[in-house]
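Working notes, structure below.
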Amino acid sequence: MDRLSFLLTFMTGSVLTGVVVVTLFTLNYYNWTAVAAAVVIGFGLSWPVAYVISRRIKRQDSNWDETRKDRTDAVPRPGSPEV
């Protein structure tokens, strides 16, 4: 799995949920079902968006090399390949 996308998931989840909540409040939806729907939408989209952001970061990094051979260490090394 992609370790960077795991870290980005928490950030994108809170940002997406906040955007949806603010949008619903701006449209005068002040009830708990609107907030619950915003939470479901935000956290449902958080991992796919984080994965796309992670791929884009790695694509633009000149030092990133996905063609390195996978290692069989039990604990991944800091410089080991992600995906």
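Per 0.36 nm of contour for each residue apart, how much would the distance between Gln60 and Asn31 grow if the chain were fully extended, relative to their Cα-Cα spacing?
On the way: separation 29, 0.36 × 29 = 10.44 nm, distance 4.20 nm.
The Gln60-Asn31 span can extend by a further 6.2 nm.
Can you work out the FRET efficiency for the pair Val52 and Thr23, with r the C-beta to C-beta distance and R0 = 30 Å, to the nearest 0.05?
Values: r = 21 Å, r/R0 = 0.69.
That gives a FRET efficiency of 0.90.
Measuring with a 1.4 Å probe in the full set of protein chains, what accessible area per residue, in whole Å², belongs to segment 1-54?
So segment 1-54 comes to 66 Å² accessible per residue, rounded to a whole number.
On the protein heavy atoms, probe 1.4 angstrom, tell me the percent of accessible surface of segment 1-50 carried by carbon and sulfur. Write down the numbers at each step before the final one.
On the way: 2720 of 3310 Å².
Solvent-exposed carbon and sulfur of segment 1-50 make up 82 percent of the total.
The values are calculated or read from the model by the stated rules, or taken from the named source; none is laboratory data. These figures come from a predicted structure and were not determined experimentally. Cβ atoms come from the backbone with ideal geometry, glycine included; neighbour counts cover every protein chain shown. Please note that ligands, DNA and RNA were not included when accessible areas were found on the heavy atoms of the full protein model with its side chains. Shrake-Rupley method; radii C 1.70, N 1.55, O 1.52, S 1.80 Å.
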